[in-house]
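Student: Mind looking over this structure? Questions follow.
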Amino acid sequence: MAKLIYFTPTSLDGFIAGETDSINWSTPSEEVSAFINDRHRPIGIYLYGRKEYETMMVWETPDVIPGLTPAMMDFGRIWQAADKIVYSKSLETVSTPKTRLEREFEPQAVRDLKAQLPHDISVAGPNLAAQAIRAGLVDEYQLLVVPVLLGGGKRVLPSSVGVKLELLDERRFGNGWVYLRYRTRA
């Protein structure tokens with residue numbers, strides 16, 4: 001059975017983006033990028049909301065990214081190999097291969113995917129992840145804690161939801177980032 005994983009960077013005070021939606025503070029080092037690639041290799045499907053999908057589309061043609069590194073190129077290949085499901089009421093079509101558009105996030109459909117697939121599933125973006133968390137679908141939380149305080153913005157985790165977690169793994173990086181991996185406890 002596949003796991004649904006919420007893997008995301010977070011500021012120390014729990015935000016994915018600041019007040020202006022900027023995420024420039026979360027650009028990983030080469031060491032962190034290589035680690036991210038290793039965590040994403042087993043992902044068979046990415047679940048995205050519209051905004052997250054539009055951000056990630058650049059990985060279809062990573063050669064346009066200024067300062068492209070070998071780890072970034074590797075991530076592009078990993079991203080291209082996986083299937084994607086985009087949940088959006090406003091998008092007319094999707095423009096990347098191996099991608100399908102769904103109008104509504106349906107928890108039972110995700111439960112069915114988890115039961116059928118041999119590869120893990122990633123949910124990305126705080127709004128879509130909040131829906132999955134509230135539905136009790138997230139099996140693992142994998143957080144990259146960035147040593148910065150944003151003071152406000154878009155929260156990584158939803159409020160008014162309680163989930164018991166068990167720490168599975170942790171790792172410190174030379175740039176001060178910390179990886180935390182938790183499993184949902186029953």
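The values are calculated or read from the model by the stated rules, or taken from the named source; none is laboratory data. Because the structure is a prediction, the values reported are computed rather than measured. Here the Cβ positions follow ideal geometry from the backbone for every residue, glycine too, while neighbour counts run over all protein chains shown.
Student: Let me confirm something: among Ala82, Ala109, which residue is under 17 Å from Lys3 (Cα atoms), buried (at least 17 other Cβ atoms within 10 Å of the Cβ) and without any contact (Cβ under 8 Å) to a residue 60 or more places away in the chain?
Tutor: Numbers: Ala109 fails: buried (at least 17 other Cβ atoms within 10 Å of the Cβ).
Testing whether each residue is under 17 Å from Lys3 (Cα atoms), buried (at least 17 other Cβ atoms within 10 Å of the Cβ) and without any contact (Cβ under 8 Å) to a residue 60 or more places away in the chain leaves just Ala82.
Student: Same structure again: Please go through region 111-137 and give me each residue that is within 15 Å of Val156 (Cβ to Cβ) and part of a loop (DSSP other than H, G, I, E, B), ordered by number. Spell out how you get there, then give the answer.
Tutor: First, the residues of region 111-137 that are within 15 Å of Val156 (Cβ to Cβ): 122-134.
Answer for region 111-137, where residues must be within 15 Å of Val156 (Cβ to Cβ) and part of a loop (DSSP other than H, G, I, E, B): just Gly125.
Student: Please go through region 28-59 and pick out each residue that is polar (S, T, N, Q) and within 14 Å of the chain's Cα centre (by Cα).
Tutor: Ser33, Asn37, Thr55
Student: Moving on. Name the single residue that is nearest to Asp83 (Cα to Cα) among those in region 94-110 being out of contact with any Lys or Arg (no Cβ under 7 Å at 6 or more places or on another chain) and part of a strand (DSSP E or B).
Tutor: Arg100
Student: It is to be established whether one or more residues within region 60-71 are touching a Leu at 6+ places or on another chain (Cβ under 9 Å), in a helix (DSSP H, G or I) and free of Cβ contacts under 8 Å to residues at least 24 places away in the same chain.
Tutor: There is at least one residue in region 60-71 that is touching a Leu at 6+ places or on another chain (Cβ under 9 Å), in a helix (DSSP H, G or I) and free of Cβ contacts under 8 Å to residues at least 24 places away in the same chain.
Student: If you don't mind, another one. Output the residues belonging to region 102-140 that are under 11 Å from the mean Cα position of the chain (by Cα) and more than 21 Å from Gly18 (Cα to Cα).
Tutor: Ile121, Ser122
Student: Right, here's the next one. Filtering region 112-126 down to residues that are under 18 Å from Lys51 (Cα atoms) and modelled with pLDDT of 95 or more, which residue is surrounded by the most Cβ atoms within 10 Å (Cβ to Cβ)?
Tutor: The initial filter retains those residues of region 112-126 that are under 18 Å from Lys51 (Cα atoms), namely 122-126.
Remaining after also requiring modelled with pLDDT of 95 or more: 122-124.
Working: Ser122: 25, Val123: 28, Ala124: 20.
Of everything passing the filter in region 112-126, Val123 is surrounded by the most Cβ atoms within 10 Å (Cβ to Cβ).
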